[in-house]
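Some notes on the structure that comes next.
The values are calculated or read from the model by the stated rules, or taken from the named source; none is laboratory data. Since the structure is predicted, the reported quantities are computational estimates derived from the model, not experimental observations. Positions of Cβ are generated from backbone atoms using ideal geometry, with glycine treated the same way; all protein chains shown enter the neighbour counts. Note: areas computed on protein heavy atoms with side chains; ligands, DNA, RNA excluded. Shrake-Rupley method; radii C 1.70, N 1.55, O 1.52, S 1.80 Å.
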Amino acid sequence: MSKIAPELPANGRSQLQVSGEIPVPVLINWLSISAVPLLAFFASRSVEQGEHLAAGLLIAFAILMTINLLIYAAFRHKTFQRRAFIGLTTTVFIYVSVSALENGSAIIWLFAYPPIIFYISDARFGVGACLFGFTGVTLLFFSPLADQLLNLPYSTSFRITMVVALGFEMITCYILDQSRRRSKLGLLALAREFEYAAKHDTLTGLANRREALAQLEVEYERYLRTNRPFAVLLADIDLFKSVNDTHGHHVGDELIVLVANTLHEEARKLDTTARWGGEEYLVLLPETNADGAVQIANRIREAIAEKAVMVAQTAVHCTASIGVASIEGAESVDKLLQHADEALYRAKALGRNRVCMYQIDGPA
Ligand SMILES: Nc1nc2c(ncn2[C@@H]2O[C@H](COP(=O)(O)OP(=O)(O)OP(=O)(O)O)[C@@H](O)[C@H]2O)c(=O)[nH]1
């Protein structure tokens, strides 16, 4: 007998955030705030060295970074912020590589690009950007055309070391990024499993008592706001002890799962079905008045009576008694549960396999 399939949320994507991780927009803001004075500093040095075009371009990059910061502060548009930042930084790094600023030493800033790009974009984009950057630098250093056009001041040994070190760094960043993403997915999966275990009953897969109480509180708050009624059913398998005594605990367990599955099948999508205790269940019926709840309870009761567990080719049937109470006339969740319990007690007292509605004048 299979229990109800766990309703785990869809697999976490790497863009989801784990507590403690720096959010991408925050990192971009900090990087931009750090980059603006750096760009201004190198612009001022370019002015000193008489490189006015370079100074103008560096100031333009600083202004664009600031505009991106301000746009994000005003509109909080994460995708725009990220794309604009990637576009700007890529352009800055390309410019720094081809312009040989600071007597050619500025190209060393290229080493900052791989870790940033892997952190703020997905892995595929990170790989693409790094391949593009690596190919670009290789062509820049080793194509005769680039040498003719740009007349770069780098020695051969610097070029070889730079390309090998950059390739090494990119591969290392990729490996570390993959490891980070995998452990993040593992953590998210673990968190989902813990959350599921905290809210569900292990044997049946139904909501557990704690989750049912939480849902009842939510429904009660909604009732106070909207005045739309809801109801609860407390269902209890009849003479269950004799099933255990006659056929053993494992058959009793199978019966508990069978009844849980039946409740799940018969309840509506918006209802909450929970294992309330040993062989007792609670069904929370939102948007349902007393008459509607009695109808659903009878449907469930009939469905349970039709099901059976097979033990050595013998069908073991069971029935259930159900107490019904509506929030109308109950001033709290506790009272509602008390009313449902009293109605269940009456259903048992009247001979079992029946549905009883709580009556305001008390149980008969
Ligand atoms: N197999 C199994 N038995 C359980 C589980 N939880 C509770 N029980 C048993 O369920 C039985 C409940 O028996 P009672 O409370 O006397 O009620 P009953 O025999 O169903 O009789 P009525 O409720 O009066 O119809 C006890 O024997 C418990 O040991 C469980 O998870 N698995």
For Trp276, Trp30, give the ranking by accessible area with the largest first, probe 1.4 Å.
-> Trp30, Trp276
Would you mind working out the magnitude of the charge dipole of the chain relative to its Cα centre, with +1 at each Lys and Arg C-beta and -1 at each Asp and Glu C-beta, to the nearest 20 Debye?
-> 920
Once you put a point 7 Å from the Cα of Arg268 and another 7 Å from the Cα of Thr91, both along the Cβ direction, what distance in nm separates them?
-> 5.6
With just the Cα atoms of the range 209-357, tell me how far they stretch along each of the three principal axes, in Å, largest first.
-> 53, 29, 23
Mind ranking 346-357, 309-320 by how tightly packed they are, going by the mean number of other C-beta atoms within 10 angstrom, highest first?
-> 346-357, 309-320
Starting from the exponent 0.38 and prefactor 2.2 Å, build the expected Rg for the range 24-195 from its residue count and divide its actual Cα Rg by it.
-> 1.17
For the chain, with the dipole built from +1 on Lys and Arg beta-carbon atoms and -1 on Asp and Glu ones, taken about the Cα centre, which of Thr89, Leu188, Phe41 lies farthest toward the positive end?
-> Phe41
Extension gain from Ser19 to Glu306, taking 0.36 nm per residue of separation minus the Cα-Cα distance = 98.4 nm
Ala74 to Val164: extension gain in nm, 0.36 nm per residue of separation minus the Cα-Cα distance?
-> 28.2 nm
Given the Cα-Cα distance of Asp245 and Arg192 and 0.36 nm per residue of separation, how much length would full extension add, in nm?
-> 15.3 nm
Please list, in chain and number order, the residues 5+ apart from Met357 or on another chain whose amide H is under 5 Å from its amide H, with Hs placed from the backbone.
-> Val324
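With every protein chain present, what is the per residue accessible area of the range 24-195 (1.4 Å probe, Å²)?
Per residue, the range 24-195 has an accessible area of 56 Å².
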From DSSP H assignment alone, runs of 4+ in the chain each adding -39500 (n - 2.57), the sum over residues rounded to the nearest 500 puts [θ] at 222 nm at -21500 deg cm²/dmol
In square angstrom, what is the accessible area per residue of the range 209-357 with a 1.4 angstrom probe?
-> 47
Protein accessible area in the chain, 1.4 Å probe - carbon and sulfur % = 61
Percent RCO, i.e. relative contact order, over the range 24-195, from Cα pairs under 8 Å lying at least 6 residues apart | 18
List the lysines whose Cα lies under 30 Å from the Cα of Lys184, skipping any in the same chain that are fewer than 8 positions away.
-> Lys3, Lys78, Lys199
For the chain, how big is Rg over Rh, using alpha carbon atoms and the Kirkwood form of Rh?
-> 1.29
Out of Leu145, Leu39, Leu344, any idea which swings most in a Gaussian network model of the chain, alpha carbons joined below 10 Å?
-> Leu145
In degrees from 0 to 90, rounded to the nearest 10, what is the angle of the helix 209-226 Cα long axis to the longest principal axis of the chain?
-> 90
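What are the trypsin sites (Lys or Arg not before Pro) within the range 133-187 that DSSP puts in a loop, where the Cβ has at most 15 other Cβ atoms within 10 Å?
Sparse-neighbourhood loop trypsin sites (Lys or Arg not before Pro): none present.
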